[in-house]
1. How many percent of DSSP beta bridges within the chain run antiparallel, rounded to 5?
2. Sorted by accessible area with a 1.4 angstrom probe, largest first, how do M70, M37 fall?
3. Could you put I35, I13 in order of accessible surface area, largest first, with the 1.4 Å probe and the full protein assembly present?
4. Of all the accessible heavy-atom surface of the range 1-47, with the other protein chains kept in place and a 1.4 Å probe, what percent is carbon and sulfur?
5. Would you mind working out the accessible area per residue for the chain, using a 1.4 Å probe, and quoting it in Å²?
6. Relative contact order of the chain: what whole-number percent is it, with Cα pairs under 8 angstrom and at least 6 residues apart?
7. Heavy atoms only, 1.4 Å probe, whole protein assembly: order R54, R15 by accessible area, highest first.
8. Specify whether the C-alpha gyration tensor of the range 19-106 places it in the rounded, prolate or oblate class, a ≥ b ≥ c being the square roots of the eigenvalues: rounded for a/c under 1.5, otherwise prolate if a/b is larger than b/c and oblate if not.
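The values are calculated or read from the model by the stated rules, or taken from the named source; none is laboratory data. No experiment lies behind these values; they were computed from the predicted model shown. Cβ: placed from backbone, ideal geometry, glycine included. Neighbour counts: every protein chain shown. These area figures cover heavy atoms from the full protein model, side chains too; ligands, DNA and RNA do not enter into them. Shrake-Rupley method; radii C 1.70, N 1.55, O 1.52, S 1.80 Å.
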Amino acid sequence: FLLNALASTKVKILRAEDGEKAVSIFRDEPLIDLILMDIQLPKKNGYEATTEIRTFNKNIPVIAQTAYAMPEDKAKAFESGCNGYIAKPITKKLLLTTISKFISED
């Protein structure tokens, strides 16, 4: 869905299959402008991956995307270091609006 929703933009998408890979990709790619963090990831969930990323980068915008839609899930996302939160099912409009809050086109 994300690839299709963002296809009309000029963004380059890097995809991680698990939370450990998400942290590794972010360490290795200094030009990343934003992270869309799925919470249900194997090896290291999105909360854990975000918490680890925050140990070495406090500024990167991280938007949690999750099927967990309870208020406590949203609170947990923000507690782990996420700046934004989108509950599934995600619409293209909501995705683009949320992303635009954190990045600007140059």
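1. The antiparallel fraction comes to roughly 0 percent.
2. Per-residue accessible area, sorted high to low, gives M70, M37.
3. Ranking I35, I13 by accessible area, largest first, yields I13, I35.
4. That share works out to 50 percent.
5. For the chain, the per-residue accessible area is 65 Å².
6. Value for the chain: 22 percent.
7. R15, R54
8. Here the range 19-106 falls in the oblate category.
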